[in-house]
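Written out below as structure tokens is the structure these notes cover.
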């Protein structure tokens, strides 16, 4: 089941990045965090990174790519190390934390690349980014709920099926 789930998550992540979507409204942050939660393997960070690499072949890279990739790895680590159990509360807190981590890190990169290097520039950068945070937050809540709920449903169904055998 894990291999099928991994392939499904990668296909979901890549396809939603390639189709028309509102800015910052993709499941990549949810997939990054949940990859750390579900797949306690030292190579499971490859799941969200492969989504980014595969979709970036078509989308292209940009100056903030290192900041985006770094935030995704940190979000993965939140799922891997911060989630002691898969309770709804922990997953919800992880989702909110993921959106905040992404906002802080990627916009720090935007500030470094394109704003005056003073407090005024930093505040202007983060202020300009606030409208994008809404989409990030909503997408993380939606996709985390859907993926986590789907995972629990499939896990329950898979366990029930195995018990019948």
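On the given criteria, is residue 43 in a loop (DSSP other than H, G, I, E, B), surrounded by fewer than 19 Cβ atoms within 10 Å (Cβ to Cβ) and in contact with a helix residue (DSSP H, G or I) (Cβ under 7 Å, 6 or more places away or on another chain)?
For residue 43, the condition - in a loop (DSSP other than H, G, I, E, B), surrounded by fewer than 19 Cβ atoms within 10 Å (Cβ to Cβ) and in contact with a helix residue (DSSP H, G or I) (Cβ under 7 Å, 6 or more places away or on another chain) - is not met.
Of the numbered conditions (1) surrounded by fewer than 19 Cβ atoms within 10 Å (Cβ to Cβ); (2) under 18 Å from the mean Cα position of the chain (by Cα), residue 91 satisfies every one except a single condition; which is it?
(1)
In this structure, is residue 93 in a helix (DSSP H, G or I), under 21 Å from residue 141 (Cβ atoms) and either without any contact (Cβ under 8 Å) to a residue 40 or more places away in the chain or out of contact with any strand residue (DSSP E or B) (no Cβ under 7 Å at 6 or more places or on another chain) (or both)?
Answer is yes for this residue.
(1) in contact (Cβ under 8 Å) with a residue 12 or more places away in the chain; (2) in a helix (DSSP H, G or I): which one isn't true of residue 128, the others all being true?
(1)
Across the stretch 46-87, what is the number of residues that are crowded, with 18+ Cβ neighbours inside 10 Å and either modelled with pLDDT under 90 or not in a helix (DSSP H, G or I) (or both)?
Final tally of qualifying residues: 2.
Might you let me know whether the stretch 81-88 holds any residue that is more than 18 Å from residue 151 (Cβ to Cβ) and out of contact with any helix residue (DSSP H, G or I) (no Cβ under 7 Å at 6 or more places or on another chain)?
yes
The values are calculated or read from the model by the stated rules, or taken from the named source; none is laboratory data. Being a predicted model, the structure only gives us computed values, none of them experimental. Every residue, glycine among them, receives a Cβ derived from its backbone with ideal geometry; neighbour counts consider all protein chains shown.
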